[in-house]
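Engineer: Quick one: the structure is below, questions incoming.
The values are calculated or read from the model by the stated rules, or taken from the named source; none is laboratory data. Keep in mind the model is a prediction, meaning the values are calculated, not measured. We place every Cβ from the backbone using ideal geometry, glycine too, and count neighbours over all the protein chains shown.
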Amino acid sequence: MARIRNFYAGPAALPTEVLEEARDELLEFAGCGVSVLETSHRSKEFDQVHNDAIGLVKELIGLDDSYHVLLLQGGASMQFALVPMNFLPEGGSADYIVTGAWSQKAVKEARGIGNVRIAADSESDGVFTAIPKQDQLDLDSGAAYCHLTSNNTIFGTQWSAFPDTGGVPIVADMSSDILSYRFDPKPFGLIYAGAQKNLGPSGVTLVIVRQDMLDRCSGSLPTMLSYKTHADKNSLYNTPPSFGIYLMNKVLNWIKRNGGVDGIEKINAEKAKRLYDAIDDSDGFYRNSISAGDRSKMNVVFRLPNEDLEKQFVAEGLAVGLVGIKGHRSVGGIRVSIYNANRLDAVEEIVSFMNNFSEKKR
Ligand code: PMP
């Protein structure tokens, strides 16, 4: 079977070029006579891959030397707990901005560890259709950090400009939009992202942490749960997820070859515009109720006139080679995830399918 158009929310499409390179090198890589799957994480060949990946994250985002790039395991969900364990001191508190199910999970974990203040919560009738504006935030200038989720993978909202926290370090879950646009990293004390959307396969978790945060890390944590351990050992305290890091390095190189973050951002804007135009020009057949300006450029969610039509949409989409377009099980509807590896031609194909479908079923 040929490869089809993949719109899964994660794990998600990887650039075909990356998979082809990995296939070609699977039995033997970097001239070392063995597979990357078989080589020691202390070998000079793996060391090169590991350090290249870390260097590329720094270069692509534009991080200065105050930032450490860590390649860990445990997923974004593990960071929900590690962030407060490391940075939420006894007697202190942290601000959380709630914009969806993933922020709620981050809050739940943090509450088990220390004091959490909700600086804003955009839930309305069980759904999240907006990102809070600056004047809707109740920020604490004494907070240990302010946590937010940059892109709401399930409800399809995204911060278009990050809030001014007045110097309180922002901690961001960027799992579903990391490296898809340029942003100023300076206000961020820590950024984390599971790799399985924009960076590579599942199993690697990217953590970017600023030195001043590390200086404040709790000293009483088990070794593996301390960000300091991993920063001190360049993410090689124990065996890292080496094959994932190898693939991630290839994805990062692919981003670089495709114009870096700026080149990718331009294409992402065009892709999202094409999809939202198809929704907005459908005379109400497709509906997206996200506030203008808060619509995600990564996860485009919409409803059809009824659930039966949504089922048909998913089934007929699959029949013409479009996979992964069913909405998250908690909300239903349709979700088309258009991460970096999905290029304009994939979006053109689904837009054409949408137009044909609505014409036929209206
Ligand atoms: N945060 C966000 C924004 C996500 O989209 C996801 C996964 N879809 C997670 C956290 C959880 O990630 P993981 O499965 O890597 O723990």
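Engineer: Taking the options 202, 220, 289, name whichever one is polar (S, T, N, Q) and modelled with pLDDT of 95 or more. First the steps, then the outcome.
Structural biologist: Working: 220 fails: modelled with pLDDT of 95 or more; 289 fails: modelled with pLDDT of 95 or more.
Every option except 202 fails the conditions.
Engineer: Residue 97 is checked against (1) away from the ligand (no atom under 16 Å from the Cβ); (2) farther than 19 Å from residue 250 by Cα and fails just one. What number does that condition carry?
Structural biologist: Result: residue 97 fails condition (1) only.
Engineer: Quick one: in the range 153-163, which of the residues that are within 16 Å of the ligand (Cβ to nearest atom) and not polar (S, T, N, Q) is nearest to residue 297 (Cα to Cα)?
Structural biologist: Checked the range 153-163; the qualifying residue nearest to residue 297 (Cα to Cα) is 156.
Residues checked against (1) outside any loop (DSSP other than H, G, I, E, B); (2) touching a Gly at 6+ places or on another chain (Cβ under 6 Å); (3) away from the ligand (no atom under 12 Å from the Cβ):
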site: 82; (1), (2), (3): yes, no, no
site: 86; (1), (2), (3): yes, no, yes
site: 107; (1), (2), (3): yes, no, yes
site: 110; (1), (2), (3): yes, no, yes
site: 119; (1), (2), (3): yes, no, yes
site: 142; (1), (2), (3): no, no, yes
site: 165; (1), (2), (3): no, no, yes
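Engineer: While we're looking at this one, here's another question. Just checking: which of the helices (runs of 4 or more DSSP H) contained wholly in the range 244-362 hold 3 or more residues that are under 30 Å from residue 74 (Cβ atoms)?
Structural biologist: Values: elements: 260-280, 307-319, 344-361.
Answer list for the range 244-362: 260-280.
Engineer: Within the range 183-206, track down each residue that is within 13 Å of the ligand (Cβ to nearest atom) and part of a loop (DSSP other than H, G, I, E, B). Explain how you work it out, then say what you get.
Structural biologist: Taking the range 183-206 first, the residues within 13 Å of the ligand (Cβ to nearest atom) are 191-206.
Selection gives 195, 196, 197, 198, 199, 200, 201, 202, 203, 204.
Engineer: Kindly list, by first and then second residue, each pair from a residue in the range 281-292 that is touching a residue at least 60 places away in the same chain (Cβ under 8 Å) to a residue that is loosely packed, with under 14 Cβ neighbours inside 10 Å, limited to pairs with Cβ atoms under 7 Å and residues at least 6 apart or on different chains.
Structural biologist: Going by the 7 Å Cβ cut-off, the qualifying pairs are 285/362.
Engineer: If you don't mind, another one. Determine which member of the set 175, 180 is buried (at least 24 other Cβ atoms within 10 Å of the Cβ), more than 16 Å from residue 80 (Cβ to Cβ) and either within 11 Å of the ligand (Cβ to nearest atom) or in the same structural domain as residue 152 (by TED's automatic domain parsing) (or both). Before you say what the answer is, go through the steps one by one.
Structural biologist: On the way: 175 fails: more than 16 Å from residue 80 (Cβ to Cβ).
None of the other options fit; the residue is 180.
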